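Engineer: Please see the structure below; I have some questions.
Quick note: the coordinates plus some simple rules give every number you see, no bench work behind them. Small disclaimer: the values here were computed from a predicted structure and weren't measured. Cβ: placed from backbone, ideal geometry, glycine included. Neighbour counts: every protein chain shown.
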Amino acid sequence: MSVDPHPGHEETSTPTAQPPGFWDSPLRSRLALTAGAVVLMLLLLWWWRPLLLIPGTQPLVMSGGDPYLRALMRTISASESNVLRPYHVLHGKDYVWTLDVHPNRCESIGRGPNRGNCSTAAGRYQLLYSTWLELAARHHPQRTDDPLDATGLSFAPVYQDTVVHAWLSDARWGNLSAQLRAGRVQPVLRRLSGTWTSLGYGIENNSMSRELPRIYRELLKEELAQAAQDEAPGPKSNKAAQR
């Protein structure tokens, strides 16, 4: 017969603690927070994709000018030259290193109604050589009285901007700035689509064409904010000093 050394005490067993399952663990909370942050970032990326995914919308090199036309120029390049180095790009996405003059290289057209031909389009605004000569003779800061001198005028980024800004300011377009101030973005794009056929109403629409009105509105906010900052009294910002 066994004798209980501790009379009055019953033998009890302590249940073994079970480790928390995955769904009850801190790891689940961390993963949920991480997943939520990723989803939020993707949603923001989708919402802001016209600006985040379009290197062609980068600020102009030229300083000053009409903010409405500046935003329009950046919108044009979003469709025409959506690359990291838009001032140096040729038709077909090849590049040139120097911009002493318009490169005047006729690059093969690989698609669209003009497939099989070639194009001399170059730079941020994809200007044909003949178009550049005509515009440079009228608007280039270094122009002379002899239109033939346009062949030797610099095609540097600041001059690409300056010439196109002056061209878009021409009254023959029908006062584009006034139309843009009135919110008539789509009529302006339609007006220009005969020159830049990727703007949504031409013969060579691309994946960016339908985004352009929205892109313009976002870029206009930037340009108006920068213009207000440039006009404010006091020291200019570093960005304004560089423009």
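Engineer: Order these by the 10 Å Cβ neighbour count, fewest first: V164, V61.
Structural biologist: Placing the least packed residue first, the sequence is V61, V164.
Engineer: Please give, to one decimal in nm, the separation of the simple spin-label points placed at A35 and N104, each 7 Å out from Cα toward the Cβ.
Structural biologist: Each label point is offset 7 Å from its Cα along the Cβ direction, giving 6.3 nm.
Engineer: May I pose another question? Pop out the ³J(HN,Hα) list for the stretch 102-112 in order, Karplus 6.51 cos²θ - 1.76 cosθ + 1.60 with θ = phi - 60°, rounded to Hz; leave Gly and Pro as x.
Structural biologist: Result, rounded to whole Hz: 4, x, 6, 9, 8, 8, 5, 8, x, 7, x.
Engineer: For L153, L128, what's the fewest-to-most ordering of other Cβ within 10 Å of each Cβ?
Structural biologist: Exposure proxy ranking, most exposed first: L128, L153.
Engineer: Now, a different point. Counting other C-beta atoms within 10 Å, which of E223, E218 has the fewest, and how do the rest follow?
Structural biologist: Neighbour counts put them in this order, fewest first: E218, E223.
Engineer: Please work out the FRET efficiency for the pair A225 and S177, using the Cβ-Cβ distance as r and a Förster radius of 25 Å; give the result to the nearest 0.05.
Structural biologist: That gives a FRET efficiency of 0.90.
Engineer: Can you list the residues, at least 5 places off or on another chain, whose amide H is less than 5 Å from the amide H of Y95, using H built in the peptide plane?
Structural biologist: Amide H neighbours of Y95: L90.
Engineer: Let me ask something else. In nm², what is the average projected area of the convex hull enclosing the Cα atoms of the stretch 55-242?
Structural biologist: 11.2
Engineer: Can you list residues whose amide H is under 5 Å from A122's amide H, if they're 5+ apart or on another chain and H is modeled 1.01 Å from N?
Structural biologist: L127, L128
Engineer: What does the highest-first list of 172-182, 188-198 look like by mean Cβ count within 10 Å?
Structural biologist: Packing proxy ranking, top to bottom: 188-198, 172-182.
Engineer: Here's something else I'd like to know. Quote the relative contact order of the stretch 55-242 in percent (integer), defining contacts as alpha-carbon pairs under 8 Å separated by 6+ residues.
Structural biologist: RCO, the stretch 55-242: 23 percent.
Engineer: Here's a follow-up. At 37 °C and 0.692 mPa s, what whole-number value in µm²/s does Stokes-Einstein give for the translational diffusion of the stretch 102-197, with Rh from the Kirkwood sum over Cα pairs?
Structural biologist: Reported coefficient: 223 µm²/s.
Engineer: Tell me, what HN-Hα J-couplings in whole Hz come from the Karplus equation 6.51 cos²θ - 1.76 cosθ + 1.60 at θ = phi - 60° for each residue of the stretch 71-77, using x for Gly and Pro?
Structural biologist: Along the stretch 71-77, the couplings run 5, 5, 4, 5, 5, 4, 6 Hz.
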